[in-house]
Amino acid sequence: MLFKGRWRVDGFLGLIAVGAGLALAQLLASLKSGLNTPVVSIGNRVIDHVPASLKEFAIRTFGVDDKRALVTTIYVVVLILAILIGHSYFSGKRGQARAIVFVMMALAALASLFDAKASAVSLVPSIGAGGATIWVLHLLDNRNKKTETLTETLNRRDLLKTIGYVGVGSIAAMTVGNYFRNHASAQIQRLNIVLPKALKFLPSPPKDPALTTPGLSKLFTPNSEFYRIDTAIVVPNINLDSWNLQIFGMVKNPRQYTYKELTDRPVFELDDTIACVSNEVGGGLVGNARWLGIRLDDLIKEADPYSTADQVMGYSDDGFSAGFPLAALDGRDAMIAIGMNGQPLPLDHGFPARIIVPGLYGYVSATKWLTKIELTRFDRAQGYWVPRGWSAQAPIKTQSRIDTPIDASTVKAGKHVIAGVAWAPTRGISKVEVKIGADPWRAATLGPVLAKTTWRQWWIDWDAIPDKVSISVRATDGTGALQSSKSVPVAPNGAEGWHTVYINVAT
Ligand SMILES: Nc1nc2c(c(=O)[nH]1)N[C@H]1C(S)=C(S)[C@@H](COP(=O)(O)O)O[C@H]1N2
Ligand SMILES: [Mo]
């Protein structure tokens, strides 16, 4: 046993006190938009300060669960501190216990001042948490002290009663807090949206080869399966009635659009594959969707940028930013997306609006929960990830991936299909080749072309004979350039190298 006797009881009482503090903070944070719980504020500062190498490690290790891993780590630290607080307090070292609570509270309060939309009110959840923790420690202590004057059973009954009250109060505070935080309002507004009709519909998609090739990625990635990468520990809960999009900065006509004004404009459809710069060779941080949106170049033209502006910077409701060259609006179908695969933009993917620029990695372009677009210059402003070690400009590199068979798997000897996807937005894919063991490279069959901005599925037959065999893939883009073979890490501007899987063929 890790804890014995008094340590166990005192540690438990410490947990009750700190838990009550965090529960109150949850309630307080739900009272006003922009407020965060102490754990989220601390997590935000950790995310803000991770160097590229650590971010890369976190995504490599935890993938799209990187933020859950961070929050869990913070909770484990808080748990240990809570046990320590309980032990100190109830073994008579009250000053020491209060000092630990105070330091935790001060750190969280300081962290909250750097949150997006921070003001003096941002301090309220952490101060509430610290205050409630100290108060509950005191309550539990009063009950404990009666040992001298009352019978042991009565004392215990009293203590249990206090724990019960505090527990019920904490659960109530958490429940109410969660109810208001759970994007309930944004989700309800989202479900009531009727998306505008595109002036020109894209043709309905061809039959998906993935239907007949088990393991192959679907032509369109369903929203529920789409990768999610962002810095938001809590997804912004945006109210459509107060949301608007501002276009400002180095422009002659600063503009502002409500959701209705924006969506009353002509909308169009775009098939586009978006990818994360942190996607490893063979990784899953890439997806293809049919986006619905408003032309970004039209909006920018109406704002009329000064000729000295060279960067378009999108800002998110939660403080994230991403900038790309104004010159990238070269007629490609960049948009403010409001729809994804036939549905209003999901909350996780940026509701109510995000930027999509075909051919650019997400971190330099695809701002979710978009609220502002600034025309600026590269020598004046940097997007969120740039000072953290990632390149200021980042076009998507040509990549290809083997979906099936899966690396390190065992397959039976005989006939198989090797299949996967290859992408090079906006250049398109002209050829995919596969190399099995020592055989020469063979051209794979290519799936339907939706657009040069989307991935292409590919597949090739394979008559497997019992052996250990490596299978590699490489793509050629629409300009005739072969995907680079040299292995390059994801930082600072995207991985390079050919995806290889190692398969064991059994008899
Ligand atoms: N507000 C906001 N937008 C963001 C990010 C973010 O952290 N915050 N991350 C970007 C990155 S790095 C990527 S790869 C894409 C991912 O979009 P998705 O989560 O919809 O797949 O969103 C981009 N937009
Ligand atoms: Mo990304």
Requested in this report: For Ala444, enumerate residues with amide H under 5 Å from its amide H, sequence gap 5+ or separate chain, H modeled in the peptide plane.
Outcome: Val432, Glu433, Val434
**Report entry** Where Arg427, Arg401 fall by accessible area, highest first, once all protein chains stay in place (1.4 Å)
**Finding:** Arg427, Arg401
Report summary line: To the nearest 0.05, the calculated FRET efficiency linking Asp65 and Lys435 through their beta-carbon distance, R0 being 35 Å, is 0.60
Query raised in the report: How far, in degrees from 0 to 90, does helix 124-145 lean away from the longest principal axis of the Cα atoms of the chain, to the nearest 10?
Result: 40 degrees
Query - Separation of the Thr308 and Ala408 label points, Cα + 7 Å toward Cβ, nm - result: 5.6 nm
Requested in this report: Whenever you get a sec, line up Phe102, Phe226, Phe57 from highest to lowest accessible area (probe 1.4 Å, protein heavy atoms).
Outcome: Phe102, Phe57, Phe226
Report task. Could you calculate the contour length gain from Ala120 to Asn253, that is, 0.36 nm times the residue separation minus the distance between their Cα atoms, to one decimal place in nm? Result -> 44.5 nm
Requested in this report: Just need the relative contact order of the chain here, percent rounded to a whole number, with Cα pairs under 8 Å and 6+ apart.
Outcome: 13 percent
Query raised in the report: Applying the Karplus parametrisation 6.51 cos²θ - 1.76 cosθ + 1.60 with θ = phi - 60° to the phi angles of region 436-443, what ³J(HN,Hα) value in whole Hz is obtained for each residue in order, glycine and proline being reported as x?
Result: 10, x, 8, 5, x, 4, 10, 6
Query - Equivalent ellipsoid dimensions for region 6-183 as semi-axes, Å, which come from the Cα gyration tensor, largest first - result: 32, 18, 15
**Report entry** Over the chain, volume per residue of the alpha carbon convex hull, in Å³
**Finding:** 180 Å³
Query - Approximate spin-label separation Gln246-Ala99, in nm, with each point projected 7 Å along Cα-to-Cβ - result: 4.6 nm
Query raised in the report: How large are Rg and Dmax for region 319-466 when only the alpha carbon atoms are used, in Å?
Result: 19.6, 60
Report summary line: Between Ser33 and Asn223, Cβ-based FRET efficiency (R0 25 Å, step 0.05) works out to 0.55
Report summary line: The FRET efficiency for Lys260 and Asn178, from their Cβ-Cβ distance with R0 = 30 Å and rounded to 0.05, is 0.45
Query - Debye intensity ratio I(q)/I(0), log10, region 267-393, q values 0.11, 0.12, 0.16 Å⁻¹ (C-alpha model) - result: -0.35, -0.41, -0.75
Report summary line: Carbon plus sulfur, as percent of the 1.4 Å-probe accessible area of the chain, comes to 60 percent
Report task. Mind pulling the angle between the C-alpha long axis of helix 94-112 and the longest principal axis of the chain? Nearest 10 degrees, somewhere in 0 to 90. Result -> 30 degrees
Requested in this report: Mind listing the long-range amide H neighbours of Glu280? Cut-off is under 5 Å, sequence gap 5 or more, other chains count too, H placed in the peptide plane at 1.01 Å from N.
Outcome: Leu285
Report task. Sort Asp477, Asp241, Asp348 by accessible area with a 1.4 Å probe, largest first. Result -> Asp241, Asp348, Asp477
**Report entry** Distance violations [Cα-Cα > 26 Å] among Lys301/Lys372; Lys67/Lys468; Lys218/Lys431; Lys117/Lys368; Lys117/Lys397; Lys218/Lys415
**Finding:** Lys67/Lys468; Lys117/Lys397
Query - Helix 152-181 axis, angle to the chain major axis (alpha carbon atoms, nearest 10°) - result: 30 degrees
Report task. Using only alpha carbon positions, build the gyration tensor of region 18-73, then give the equivalent ellipsoid semi-axes as the square roots of 5 times its eigenvalues, largest first, whole angstrom. Result -> 26, 12, 9
Requested in this report: Divide by every residue of the chain the summed helix terms, -39500 (n - 2.57) for each DSSP H run of at least 4, and state the resulting mean residue ellipticity at 222 nm, rounded to the nearest 500 deg cm²/dmol.
Outcome: -11000 deg cm²/dmol
Requested in this report: Sticking with the crude label model, points 7 Å out along Cα→Cβ, report the distance from Leu113 to Leu79 in nm, one decimal please.
Outcome: 3.2 nm
Query - P(r) weight above 13 Å for region 204-244, C-alpha pairs, percent - result: 71 percent
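The values are calculated or read from the model by the stated rules, or taken from the named source; none is laboratory data. Note that the structure is a prediction, hence the values are computed from the model and not measured. Positions of Cβ are generated from backbone atoms using ideal geometry, with glycine treated the same way; all protein chains shown enter the neighbour counts. Heads up: the accessible areas ignore ligands, DNA and RNA and are worked out on the full protein's heavy atoms, side chains in. Shrake-Rupley method; radii C 1.70, N 1.55, O 1.52, S 1.80 Å.
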